[in-house]
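Enquirer: Quick one: this structure, given as structure tokens, is what I'll be asking you about.
The values are calculated or read from the model by the stated rules, or taken from the named source; none is laboratory data. Predicted model, so just to flag it, every value in this text is computed and none were measured. Virtual Cβ from ideal backbone geometry, glycine too; neighbours counted across all protein chains shown. For accessibility, only protein heavy atoms count, side chains too; no ligands or nucleic acids. Shrake-Rupley method; radii C 1.70, N 1.55, O 1.52, S 1.80 Å.
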Amino acid sequence: MQRCIAAESLVWLANEIYRLRPKLGTLLPSSVSSNVEHFYTRTVDAVSDLREHMYKAVTRLLLNVNGYA
């Protein structure tokens with residue numbers, strides 16, 4: 001249960017960070033724009049993949065898949 005809450009919290013946080021992206025672009029100097037873009041493409045975009053893997057791990061624990069092999 002805690003893993004699911006953590007995954008959904010990360011998704012919510014990523015959505016909020018995406019929502020703030022235009023504002024960040026106006027507040028930060030253009031010299032760091034490549035760093036900001038790197039952060040979004042490497043970190044924020046990874047949240048959905050992380051969520052999928054967390055749910056797979058939880059499903060495996062709940063269903064005890066290894067016990068049926």
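Results for (1) touching a residue at least 60 places away in the same chain (Cβ under 8 Å); (2) surrounded by 10 or more Cβ atoms within 10 Å (Cβ to Cβ); (3) hydrophobic (A, V, I, L, M, F, W, C), shown as yes or no for each residue.
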| residue | (1), (2), (3) |
| --- | --- |
| R3 | no, yes, no |
| P22 | no, no, no |
| S33 | no, yes, no |
| Y55 | no, yes, no |
| V58 | no, yes, yes |
| L61 | no, yes, yes |
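Enquirer: Give me a count of the residues in the range 5-14 that are modelled with pLDDT of 90 or more and open to solvent by 90 Å² or more (accessible area, probe 1.4 Å).
Expert: 1
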